Structure formats: C-alpha cells, structure tokens
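*Asks:* Structure incoming, see below.
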Amino acid sequence: MYCIIVKNQIKNGCRDVYLKAMLENAEAAVIKEAGCHVFDVLEAKEEKNTFYLYQIYSNPGALEVHKETTHYLRSSQLISDLIESVSVVNADVIATN
C-alpha cells in the first residue's frame, strides 16, 4: 500500500473554512473511492494553523484517481487561497495496526 502525508499551513482565521472543505473531501474519498483506505485529518497542537492529512491508498495510481474526483477538485478550489505552505511525504506502508 501507499501513503501520503500532507502538511498544510493555513492563513490566520481560515480554520473553519479549511476544515469544512477538507473533512468533506476526506469523508467522500473513503466512502466513494475503492482505492482510498484511510484519510485522516489532523490538527497540530504545537503548530498554529497547521494540519496534516494522513492518507493510505492501494497504490500511487489510486491517489491519481483521487485527484480527478469531484470532491477533491471542489476542496482544492475552496482551500487554494487559504494555504500558506504545503509539504508532502510519500511512503510505502509497512504495517497498519
């Protein structure tokens, strides 16, 4: 399996709008996409305005399918102006417990 961990730092005052869009995207991904097994949305305690998206897919191709879905495209459009910086970690899943 394949994992992607996205770190989004958002602008001040954008938390509620960001979370509404991202939570809808995450829920739809897990429900509607056979290749998406996990899509967790995490808020950092020590880093203000920082969120992590922890996603597990069957393979990298399933992530590419995700990026073509209506829910992904809608959330990307809604949050694009809210993001200050993004970083991404790509990983192979060794074990889930």
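None of the figures in this text is laboratory data; all of them are computed from the coordinates on show. What you are looking at is a predicted structure, and each value in this text was computed from that prediction instead of being measured. Cβ atoms come from the backbone with ideal geometry, glycine included; neighbour counts cover every protein chain shown.
*Asks:* For the pair GLU46 and ASN59, how long in nm is the line joining their label points, each one 7 Å along Cα→Cβ?
*Replies:* It is 3.8 nm.
*Asks:* Under 24 Å Cα-Cα from LYS32, which lysines qualify once same-chain neighbours fewer than 8 residues away are excluded?
*Replies:* Result set, ordered by chain and number: LYS7, LYS20, LYS67.
*Asks:* Please list 3J(HN,Hα) in residue order for the range 87-97, calculated via the Karplus relation 6.51 cos²θ - 1.76 cosθ + 1.60 where θ = phi - 60°; whole Hz, with x for glycine and proline.
*Replies:* 9, 9, 10, 9, 8, 8, 7, 8, 7, 10, 10
*Asks:* Extent of the chain along each principal axis, from alpha carbon coordinates, in Å, largest to smallest?
*Replies:* 35, 29, 19
*Asks:* Per the helix-only calculation at 222 nm, which mean residue ellipticity applies to the chain, given -39500 (n - 2.57) for every DSSP H run of n ≥ 4 and division by its residues, nearest 500 deg cm²/dmol?
*Replies:* -11000 deg cm²/dmol
*Asks:* Let me ask something else. Suppose R0 equals 25 Å. What FRET efficiency, 1/(1 + (r/R0)^6) with r the Cβ-Cβ distance, do VAL86 and MET1 give to the nearest 0.05? Show your work: numbers first, answer last.
*Replies:* Details: r = 23 Å, r/R0 = 0.90.
For VAL86 and MET1, the calculated efficiency is 0.65.
*Asks:* At q = 0.23, 0.27, 0.29 Å⁻¹, what log₁₀ I(q)/I(0) does the range 1-54 have when each alpha carbon counts as one equal point scatterer in the Debye sum?
*Replies:* Results for the range 1-54 at q = 0.23, 0.27, 0.29 Å⁻¹ read -0.90, -1.10, -1.20.
*Asks:* Within the P(r) computed for the range 41-83, what percentage of the Cα pairs occupies the region above 12 Å?
*Replies:* In whole percent, the long-distance tail amounts to 70.
*Asks:* Quick one: putting +1 on the C-beta of Lys and Arg, -1 on the C-beta of Asp and Glu, what dipole do you get for the range 2-92 around its Cα centre, in Debye to the nearest 20?
*Replies:* The calculation lands at about 180 debye.
*Asks:* Looking only at trypsin sites (Lys or Arg not before Pro) in DSSP loops with at most 16 other Cβ atoms within 10 Å, what is the longest site-free stretch of the chain?
*Replies:* Result, exposed sites excluded: 12-44.
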